[in-house]
Amino acid sequence: MSAPTNVGARIAFATSSLSEAVDVRTDGDVRHHHTLHVPPPVGEGRIDLVNLGHGLALMWGYCIPHGETVRCRIEPTVSVTQLIFHRSASVARVVLGGRTRSRLFERHEMILLPPGVTGTVVIEPDVKTEQVAILVTGEGFARLEAEDPGEQTLASLLNHPSGTRRTAREARPVVANSVLDVAVSQLLTCPLHGPMARLYLEAKTIEVIALTVDHLNGDATRARRVSLNRQDIELLDEARRYLLQSFRSPPTIAELAHLIGLNRTKLKAGFHQRYNTTIYAFVREQRMHEAMNLLQSGSCNVTEAAHLVGYASLSAFAVAFKATHGFCPCAVRGVPEIEEPPAWCGCEE
């Protein structure tokens, strides 16, 4: 039996005045967790890589450039397919392959890059950009294919029906639905440690891949689709951007429909069709994502976080938080410890 593939990456940072590169890899231990920091001349940030075995690796990190625009290029050390999720509120630009034209990469969007296609993220000064990447080798594809032979898999999304490989020109960001977005969030909030943490991350990574395949292939059993023209799609995208900015105090459906110029029926049905989630669920997901960021930073307690994301009821906040993240807000690292969880939290003693 051949040795498992050790996935690593060379990450190059370039500005108008400097060029630096760092290697993130787990030499000698295919299941090792490696962390490195962004070079200080470039800015603030860190990158984590976990080789999960069986041809799967997980990488996540963030960067805040100091003073200059940074171009960050990630080059895997072996042939892999990259599934990248943009997690920060700020919009980034991404340049794929050897192309010169960039594409916008917005919060909760993902992009699938076939082997041999690399991406360069353009990060503006003093703006935090955070991304998560799942890396799948040929060994990983073989394992996933063996689980469901003949079914649609991630590998099938890399090729045209004719069998020819898709190119960098055809790779473009798409919006992840709320179910997929929650699963990616749970990758970043692993509640376990040691060997059990890697088992959790491996299982969750496979879940994200499965949800991605389902999302990108579509589901024939979903409700009847409404007819959307190009203008309708542009208005729905505008509605989504507006909700990303106003989720702490969102408009009603009627107000949002009036703001963007769609009737309420098409707004609700079209939003669900385009993003595979309801407007209500989308707003709640933004609130829970922001609440997690606030609590992990330690900048506020649970009560303050609830109010900052638009909740007047702590019990309602706790229920929504646990439904999204799988654990109570009191359990988040960085939150000041309390002697006894309050009744509204629902934490088990």
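Net length available on complete extension from F327 to A269 is 17.8 nm, with 0.36 nm assigned per residue and the Cα-Cα distance removed.
Calculate the FRET efficiency for S315 and S79 from the Cβ-Cβ distance with a Förster distance of 35 Å, rounded to the nearest 0.05. It would help to have the intermediate numbers written out before the result.
Details: r = 50 Å, r/R0 = 1.43.
The computed FRET efficiency comes out at 0.10.
Under the 0.36 nm per residue contour assumption, what length would be gained going from the current alpha-carbon distance of R101 and R241 to full extension? All intermediate terms of the calculation are to be shown ahead of the outcome.
Numbers: separation 140, 0.36 × 140 = 50.40 nm, distance 2.27 nm.
Computed gain between R101 and R241 is 48.1 nm.
With 0.36 nm allotted per residue and the present C-alpha distance subtracted, the N293-Y280 stretch has 2.6 nm of extension available.
Quickly rank 292-298, 324-330, 49-55, 227-233 as a protection proxy: mean count of other C-beta atoms within 10 Å, highest first. Before the final figure, lay out the partial values.
Values: 292-298: 17.1, 324-330: 19.9, 49-55: 21.6, 227-233: 11.1.
Those peptides, ordered most packed to least, come out 49-55, 324-330, 292-298, 227-233.
Partners of K322 within straight-line reach, counting lysines whose Cα lies under 19 Å from its Cα and excluding those fewer than 8 residues away in the same chain: K204. Among 66-73, 314-321, the peptide with the highest mean count of other Cβ atoms within 10 Å heads the list, and the full ranking is 314-321, 66-73. Placing a pseudo-label 7 Å from each Cα along the Cα-to-Cβ vector at R46 and V122 gives an inter-label distance of 3.0 nm.
Values in this text are rule-based calculations from the coordinates and carry no lab data. Since we're looking at a predicted model, the values are computed, not measured. Don't worry about glycine lacking a Cβ; one is built from the backbone with ideal geometry, like all the others, and counts go over all protein chains shown.
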